[in-house]
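Trainee: My questions will all concern the structure given below.
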Amino acid sequence: RFTCPDYLDGILDKNRSNYWLPVDQYVGGIEHAILHLLYARFFHKLLRDEGYISSNEPFKKLLCQGMVLAESFYKKNNDGSKTWLNPSEVNINKDDNGKVISATEKETGADIEIGGMTKMSKSKNNGVDPQITVDKYGADTVRVFTMFTAPPEQTLEWNDDGVAGSQKFLRKLWIYFHENEEFIKEGKLLFDKNHSINYDNLNTEQKKIRRLIHINLKQANNDYERSQFNTVVAACMKILNELPSKKYPEIIYEGLTILIKLLSPIAPHICQKLWGNLCDNPNSNILSENWPIIDGNALSLDEVEFIIQVNGKLRAKIILQTNSNQEFVEKNALLNQNVAKFANKDNIQKIIFVPNKLINFVTK
């Protein structure tokens, strides 16, 4: 009915209903995954059988998000009942591994019982007010923490230390941007002038950096499709770690462009601010920009590491040109002193060759 709320001539406007249905993505808590989905499918199939809609299922994709857990605390009453305290009312003592070992009530200083890590609920009074955390760390930090701590379908353990860790990542991105601002501007001029980066003009280190950037871009694209937002954040962290500092302006500019676009759905505020600086236009909306494109050239390698084995045992690793043929790899492998101790042309019975990966000499 949401597809045509103003329709008065019947149950549904078939044209509009069939245009909008089935729903592309259903997101719901795991506790609602049985009854609500059961009702939804029942009514959908009933309307289909009666000829009102043409689709067989109400939803194309289903994501049942996990529950949020938090530490719980209580004090025993004289009548045997329990009074549950909010974590904000408790002083917590943890061991070196971060496990809660004791707790006291802030107001009275009295020792209280530890209820363990349980689902946030009113009954256990262990909910955390998001606004308090947002006021302390910022909305983007809370969003990054929520996405990064666990895959969406798994339970998430709320941890203030983890929130601080997410803020540290965003602060690192902010500092890196402003420390390399001159190189970013230079890179933008070069990038805009050439419309791309000429792969053939790059040195080995530059090619390596670009390859790692585009590998993580490819991984993040796949993870967005699978709603694995925790590994998207991890890919953004890896890109930031790979970016050079105060050299290779074109690569800095390209890498930051990719990173900020990748991160923008998860941390929109800081990314919009950095994007405005990146473009020299505060009014430029990152949401209107094209999604970053993977450069196939960047993913290719000029050189690869070959594993050299003798009778299945690792004897050496050598760097050779990509797509080197077996004869060339064999010749260079046997020149290695450690390999020559165990294999030579006289005692080799069989050679197993895997292109761009390994060569194994089986001896008599």
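The values are calculated or read from the model by the stated rules, or taken from the named source; none is laboratory data. Since the structure is predicted, the reported quantities are computational estimates derived from the model, not experimental observations. Cβ sites come from the backbone with ideal geometry, for glycine too, and all protein chains shown count toward neighbours. SASA here: full protein model, heavy atoms, side chains in, ligands and nucleic acids out. Shrake-Rupley method; radii C 1.70, N 1.55, O 1.52, S 1.80 Å.
Trainee: Being open to solvent by 60 Å² or more (accessible area, probe 1.4 Å) and modelled with pLDDT of 95 or more is the requirement here; does Lys208 meet it?
Mentor: no
Trainee: Taking Ile239, is it assigned to a helix (DSSP H, G or I), farther than 30 Å from Lys60 by Cβ, among the hydrophobic types (A, V, I, L, M, F, W, C) and open to solvent by 10 Å² or more (accessible area, probe 1.4 Å)?
Mentor: Against the criterion (assigned to a helix (DSSP H, G or I), farther than 30 Å from Lys60 by Cβ, among the hydrophobic types (A, V, I, L, M, F, W, C) and open to solvent by 10 Å² or more (accessible area, probe 1.4 Å)), Ile239 does not qualify.
Trainee: Does at least one position in the range 293-314 carry a residue that is closer than 30 Å to Trp275 by Cβ, out of contact with any strand residue (DSSP E or B) (no Cβ under 6 Å at 6 or more places or on another chain) and either acidic (Asp, Glu) or in a strand (DSSP E or B) (or both)?
Mentor: Yes, some residue in the range 293-314 is closer than 30 Å to Trp275 by Cβ, out of contact with any strand residue (DSSP E or B) (no Cβ under 6 Å at 6 or more places or on another chain) and either acidic (Asp, Glu) or in a strand (DSSP E or B) (or both).
Trainee: If we scan the range 270-278, do we find a residue that is within 23 Å of Glu186 (Cβ to Cβ), among the polar types (S, T, N, Q), open to solvent by 60 Å² or more (accessible area, probe 1.4 Å) and in contact (Cβ under 8 Å) with a residue 24 or more places away in the chain?
Mentor: The answer is no, given that none of the residues of the range 270-278 is within 23 Å of Glu186 (Cβ to Cβ), among the polar types (S, T, N, Q), open to solvent by 60 Å² or more (accessible area, probe 1.4 Å) and in contact (Cβ under 8 Å) with a residue 24 or more places away in the chain.
Trainee: Might you let me know whether the range 227-235 holds any residue that is surrounded by fewer than 17 Cβ atoms within 10 Å (Cβ to Cβ), over 16 Å from Leu263 (Cα atoms) and modelled with pLDDT under 95?
Mentor: Among the residues of the range 227-235, not one is surrounded by fewer than 17 Cβ atoms within 10 Å (Cβ to Cβ), over 16 Å from Leu263 (Cα atoms) and modelled with pLDDT under 95, which makes the answer no.
Trainee: So, one more: Does at least one position in the range 290-312 carry a residue that is within 30 Å of the chain's Cα centre (by Cα), modelled with pLDDT of 90 or more, surrounded by fewer than 17 Cβ atoms within 10 Å (Cβ to Cβ) and among the polar types (S, T, N, Q)?
Mentor: yes
Trainee: Tell me, which residue of the range 318-356 that is part of a helix (DSSP H, G or I) and polar (S, T, N, Q) is most open to solvent (accessible area, probe 1.4 Å)?
Mentor: Here the answer is Gln337.
Trainee: Quick one: would you say Ala150 is surrounded by 14 or more Cβ atoms within 10 Å (Cβ to Cβ) and either of a type in the set (Lys, Arg) or modelled with pLDDT of 90 or more (or both)?
Mentor: no
Trainee: Then there's this: Determine which member of the set Asp161, Asp200 is free of Cβ contacts under 8 Å to residues at least 24 places away in the same chain, of a type in the set (Asp, Glu), open to solvent by 80 Å² or more (accessible area, probe 1.4 Å) and in a helix (DSSP H, G or I).
Mentor: One residue alone meets the criteria, Asp200.
Trainee: Inside the range 81-143, counting only strands (runs of 3 or more DSSP E) that do not spill past its ends, which hold 1 or more residues that are within 31 Å of the chain's Cα centre (by Cα)?
Mentor: Hits in the range 81-143: 90-94, 100-105, 113-119.
Trainee: Follow-up. Within the range 1-13, is there a residue that is within 30 Å of Glu157 (Cα to Cα) and aliphatic (A, V, I, L, M)?
Mentor: no
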